There are 2 protein chains.
Amino acid sequence: MKRILIKIQFVGTNYSGWQIQPNATTIQGEVTRAIRMVCGTDVELEGCSRTDAGVSALGLMAHFDVDTRINPDTIYKAINTHLPPDIRVLSSKEVAPDFHARYDVKSKTYEYHFYESPIALPYYDALSTRINSPFDYEIARQACKVFLGTHDFAGFCNAKNNTSTTVRTIFDIDLERSNTGYCLRVTGDGFLYNMVRILAGTIIEVGQGKIDIANLTDILNSLDRSRAGDTAPARGLVLSEVRY
Amino acid sequence: MKRILIKIQFVGTNYSGWQIQPNATTIQGEVTRAIRMVCGTDVELEGCSRTDAGVSALGLMAHFDVDTRINPDTIYKAINTHLPPDIRVLSSKEVAPDFHARYDVKSKTYEYHFYESPIALPYYDALSTRINSPFDYEIARQACKVFLGTHDFAGFCNAKNNTSTTVRTIFDIDLERSNTGYCLRVTGDGFLYNMVRILAGTIIEVGQGKIDIANLTDILNSLDRSRAGDTAPARGLVLSEVRY
């Protein structure tokens, strides 16, 4: 038996998220099916994150155990022949039998892409979320700094979050501007359910003047979900990089 | 009768290009149908360019004549209610009755987006074309300079090109690098059939070492299509801006 770690890139638009569900097309479901086509057996595919419907990934990591003579370094090529074009396995390798794609994560980076326009722009809509004007980039960028470091993010997660602790550490967070809009890039040791989308929603609302930046530390420390910003839409969220 | 100029943004992936054709879904066809729904009459929609199948636009300009009491500055909002989400009219205004969306163009800017990877990357594929490694960005960037200015581009157009002259002026051309790949941006007084895609294909082949940059001026002056690079795929090409 070998434990194989794979890196998956996908555009989440047409999928009901990562996790296998009855009567829904999911990333985990599609990749598990492709592995079955290659290895002739059902595997348990453990992902590093359970991304929501509509969320994309540049490199989601997942592992599975399989008894195969196929070379672990090239098995991803065979898996790809059974995947739709919006899902691709970028690499594969054998890892130690006790390695775990989720528990062993040291840090993850997410990107949240959005653009500012009074009307929907089809070209931008493909991979990013629209926000209304006015949006003050400099203030929004400053707002990011409040979240740096170790905090209890109980007010920045969905009520369905069921982790044992809501304390997380953000190593890096910044808002970049490009000629197609804005990209919030955040790296942390882990993220609670909907945490990145609520961070994005809150930072966007600071930029729009709906939340006063002076109150942001209070809002974070209040641990009160109702005081943070709205959960930003899934489209625009991308799991960018996972480190072990 | 009023002449109305509109600015259209679309993702070309699901369309057979701009021009109305029997048994095909086209941008001109969809927008003409939407105008008919709003104005109750058929119009002749004259676009600034006849983009190929799969090509996108950030702002394609088009005009039509119509007898309507709807405010020309806001008619685009009504038109949008009859368009699919991957096509949007961004603005509309009344212009002089002798203004022409195609003949009066002073300059156009196209972008060609591509990325370098040994395998297809779904997230990048959405709006850009994949090229194989190795790719030398600096040499490709230098290659752009050869095309600056006024030249006979007979060797850089499809044989179906039917313009009276193949001389065109390129005002500006540069290759930019971003964290999602490369963007060739070229501004000129006009472009021959497939010209931007052949320029992109040629510049890419210089970067890949398939064409020697030292021969590029000769290749351009030879007026010989067979010496220029391949026509780069339609996906990745975006009509960015049109000036009058």
Total accessible surface hidden between B and A, rounded to 100 Å², 1.4 Å probe
1800
Where in chain B are the DSSP H helices whose C-alpha atoms run 15 Å or more along the long axis and whose mean Kyte hydropathy is at least 1.0?
B:195-207
Give the total of Lys-Lys pairs in chain A with Cα-Cα distances below 26 Å; include a pair only if its members are 8 or more places apart or on different chains.
18
Between the alpha-carbon centers of the range A:171-232 and the range B:143-168, tell me the distance in whole angstrom.
49
Long-range HN-HN contacts of B:I131 with modeled amide H, under 5 Å
B:Y115, B:E116, B:S117
Net charge of neighbours whose Cβ lies under 13 Å from the Cβ of A:Y193, counting Lys and Arg as +1 and Asp and Glu as -1
+4
In whole percent, the fraction of accessible protein surface over the protein assembly as shown that belongs to carbon or sulfur atoms, probe radius 1.4 Å, stands at 46
Candidate cut points under trypsin sites (Lys or Arg not before Pro) in the range B:190-244, DSSP loop plus at most 14 other Cβ atoms within 10 Å of their own Cβ, are B:K210
With a sphere of radius 10 Å drawn around the Cβ of A:I4, what net charge do the other residues whose Cβ falls strictly inside it have (Lys, Arg +1; Asp, Glu -1)?
0
The size of the Cβ-based charge dipole (Lys, Arg +1; Asp, Glu -1) of the range B:122-199 about the Cα centre, to the nearest 20 debye, is 160
Accessible area of chain B divided out per residue, in Å², using a probe of 1.4 angstrom:
45
May I ask you to evaluate 6.51 cos²θ - 1.76 cosθ + 1.60, the Karplus curve with θ = phi - 60°, for each residue of the range A:41-50 and list the ³J(HN,Hα) values in order in whole Hz, giving x for glycine and proline?
8, 7, 10, 9, 9, 9, x, 6, 8, 9
Explain nothing, just compute: Karplus ³J(HN,Hα) = 6.51 cos²θ - 1.76 cosθ + 1.60, θ = phi - 60°, for every residue of the range B:224-233 in order, whole Hz, x for Gly and Pro.
9, 3, 6, 8, 6, x, 5, 6, 5, x
How many nm separate the modelled label positions at A:R177 and A:E44, each set 7 Å beyond the Cα in the direction of the Cβ?
5.0
Suppose the Debye formula is applied to equal point scatterers at every Cα of chain A; what is log10 I(q)/I(0) at q = 0.08 Å⁻¹?
-0.33
B:I119 paired with A:S222, simple spin-label distance in nm, labels 7 Å along Cα-to-beta-carbon:
4.7
For chain A, what does the relative contact order come out to in percent, with C-alpha contacts under 8 Å and a separation of six or more?
23
Among A:G236, A:M195, A:I211, pick out the residue whose Cα is farthest towards the positive end of the charge dipole of the range A:186-244, where Lys and Arg carry +1 and Asp and Glu carry -1 on C-beta, about the Cα centre.
A:G236
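The values are calculated or read from the model by the stated rules, or taken from the named source; none is laboratory data. Only a predicted model underlies this, so the values are computations on that prediction, with no experimental measurement involved. Glycine also receives a Cβ, built like all others from the backbone with ideal geometry; neighbour counts cover every protein chain displayed. For the accessible areas, the whole protein counts, side chains as well, though only heavy atoms, and no ligand, DNA or RNA atoms are used. Shrake-Rupley method; radii C 1.70, N 1.55, O 1.52, S 1.80 Å.
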